[in-house]
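Single-structure report; data block below.
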Amino acid sequence: MPSEIVLTLSIVLIVILAAAIAFAVGHTMSKRTSAEHARLAQADTERILEEARTRQKELVLEAKEEAVKLKSAAEQDARERRAEVQRREQRLTQREEQFERKSEGLEKRDRQLTQQEHELESVRAEAERLEQAQRKELERIAGLTADEARAEVVSSIEAEAEREATARVREIEVQTKEEAARRARWIVSQAIQRCAAETTVETTQSSVTIPNEEMKGRIIGKEGRNIRALEQATGVDLIIDDTPEAVVLSSFDPVRREVARLSLMKLIADGRIHPTRIEEIVTRSKAEVEQQLREEGEKAAYEAGVHGLHPELVRTMGRLKFRYSYGQNQLAHSLEVAFLAATMAAELGADVNVCRRGGFLHDIGKAVDHEVDGPHAFIGADLAKKFNVPARIVHTIQAHHFEVEPQTVEAFLVAAADAISAARPGARRESVDNYIKRLEALEDVALGFRGVEKAYALQAGREVRVMVKPEQVDEDEAWRLNRDIVKRIEDTLDYPGQIKVTVIRETRVVDYAK
């Protein structure tokens, strides 16, 4: 069918082409004579028709050959399709046979499972019957109901699990504490050995020695004008009493007290004591003390290895030269904390520069705490911010007494170094009343727990030994009691360093031979 269409289209195209050629030839030869024109047109037409017939025969042959080829290809495709269909039919037949075999196996297994379920059901029923009989017999023998027995068993299991958990936790905690304590002791001992600090020998009381009792009258002056002028110029109270050959200077500001001390010594040495001379000497002494503050601050910063501080911070640090806490000089304490913190930071891989600067500046707030309200840690942090100290160092200043929770390793190290410097032997003096109150508070904390019989504070309050009643506290409870006492001490008491808590459980058996 496609070949015939092609042939028909070819003939039509040839005829159209012939007509077009004839029309062209006729138009071209229009100027010739009519006879010649007709003859030539007929000859051309015959020639064209002959060529068309020849071309028609060729196209018919080509169409027949193409039709034969298409027929062969169609037959080949049909044969391949039939073969593929036969193969698929064979596979489907095989799958049906496999499904039938599997279905038979599943039916057989289903029958077996049904039979086993019936058998299990009968066995389960028999087991329940026996269990009920045993339960009734146990209840009859023990005199307990099932719920009561179950509660007792659960309670026993919980108690056993709690004892095992407590024992395991205690073992892990002991191991961890031993390792941490060993490492901490090594680091702290290395830091302390490398920091040689003096013990407290200075006094916080300023006094000036006078050559004789007559000098007291001259210092007071006529109607007290000299002493009033001196107190007004220095801002310090002069206490002139029955103390032989001494005048006591009293002020919350140690720098003012130092200015007054220098001024009074110069006035005594000069011998000329009157209001005008007092004002002159006090002005000169203030300049000398101001210069001394700068020099002491620069010297301390150089010694601590802290460079590039703002001059006002250096001057403020120099004021700590005249500040004492429990007999400990605060500038020396700041140097000691800087050394300790830097040494521990080097051992732990922390930032040595941050620890050194934070330790050196941690108590700078004490130099001006009599002028500004608030904790000295916050005062010092605000002062450091004012002079563009980096935030990490400001944080160590602010957190060294834990008014703010430390967020960095360096902050913890500075706080630890501060505690070590304050708690080491010979660092500070403490009044007897405060000492006794601290020991009593420590003992009261331990006595507040159930089962505690006695509590003794030892080693200047650095250890507390707790005696418990053995009939009320077993070994596991003694361990938990120790941990609870430690927790309460940490939450309720303020103390330098650490406190060792020892719980002693002793069983005594006493009898008499008669």
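The values are calculated or read from the model by the stated rules, or taken from the named source; none is laboratory data. Keep in mind that what you see is a predicted model, and the values were worked out from it rather than measured. Note that each Cβ is placed from the backbone with ideal geometry, even for glycine, and that neighbours are counted across all protein chains shown. Each accessible area value is taken on the protein alone, full model and side chains, heavy atoms only, with ligands, DNA and RNA left out. Shrake-Rupley method; radii C 1.70, N 1.55, O 1.52, S 1.80 Å.
Tabulated results
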{"item": "Positions within the range 211-226 being surrounded by 10 or more Cβ atoms within 10 Å (Cβ to Cβ) and over 18 Å from Thr243 (Cα atoms), in sequence order", "result": "Gly221, Gly224, Arg225, Asn226"}
{"item": "Pick from the range 284-308, criterion crowded, with 21+ Cβ neighbours inside 10 Å and under 20 Å from Leu383 (Cα atoms), ranking: farthest from the chain's Cα centre (by Cα)", "result": "Leu293"}
{"item": "Helices (runs of 4 or more DSSP H) enclosed by the range 282-375 - at least 3 residues per element that are among the charged types (D, E, K, R) and in contact with a helix residue (DSSP H, G or I) (Cβ under 9 Å, 6 or more places away or on another chain)", "result": "311-319"}
{"item": "Of residues in the range 323-339 being touching a Ser or Thr at 6+ places or on another chain (Cβ under 7 Å) and not aliphatic (A, V, I, L, M), the one surrounded by the fewest Cβ atoms within 10 Å (Cβ to Cβ)", "result": "Gly327"}
{"item": "Test: residue in the range 229-251 that is in contact with a His (Cβ under 7 Å, 6 or more places away or on another chain), open to solvent by less than 60 Å² (accessible area, probe 1.4 Å), of a type outside the set (Gly, Ala, Ser) and touching a residue at least 40 places away in the same chain (Cβ under 8 Å)", "result": "no"}
{"item": "Selection within the range 39-52 - exposed (fewer than 12 other Cβ atoms within 10 Å of the Cβ) and either closer than 12 Å to Ile14 by Cα or not hydrophobic (A, V, I, L, M, F, W, C) (or both)", "result": "Gln42, Glu46, Glu50"}
{"item": "Test: Leu106 is of a type in the set (A, V, I, L, M, F, W, C), part of a helix (DSSP H, G or I), open to solvent by 100 Å² or more (accessible area, probe 1.4 Å) and modelled with pLDDT under 80", "result": "no"}
{"item": "Strands (runs of 3 or more DSSP E) (entirely within the range 443-514) containing at least 3 residues that are over 21 Å from Phe402 (Cβ atoms) and open to solvent by 30 Å² or more (accessible area, probe 1.4 Å)", "result": "452-458, 500-505"}
{"item": "Any hit, the range 407-417, residues being in contact with a His (Cβ under 6 Å, 6 or more places away or on another chain), without any contact (Cβ under 8 Å) to a residue 24 or more places away in the chain and among the hydrophobic types (A, V, I, L, M, F, W, C)", "result": "yes"}
{"item": "Among residues of the range 252-267, those that are touching a residue at least 60 places away in the same chain (Cβ under 8 Å), out of contact with any helix residue (DSSP H, G or I) (no Cβ under 6 Å at 6 or more places or on another chain) and open to solvent by less than 60 Å² (accessible area, probe 1.4 Å), counted", "result": "2"}
{"item": "Filter result (of a type outside the set (Ser, Thr, Tyr) and farther than 17 Å from Ser285 by Cα) within the range 239-249", "result": "Ile239, Ile240, Asp241, Asp242, Pro244, Glu245, Ala246, Val247, Val248"}
{"item": "Hey, Gly380 in contact with a helix residue (DSSP H, G or I) (Cβ under 9 Å, 6 or more places away or on another chain) and within 30 Å of Gly235 (Cα to Cα) or not", "result": "yes"}
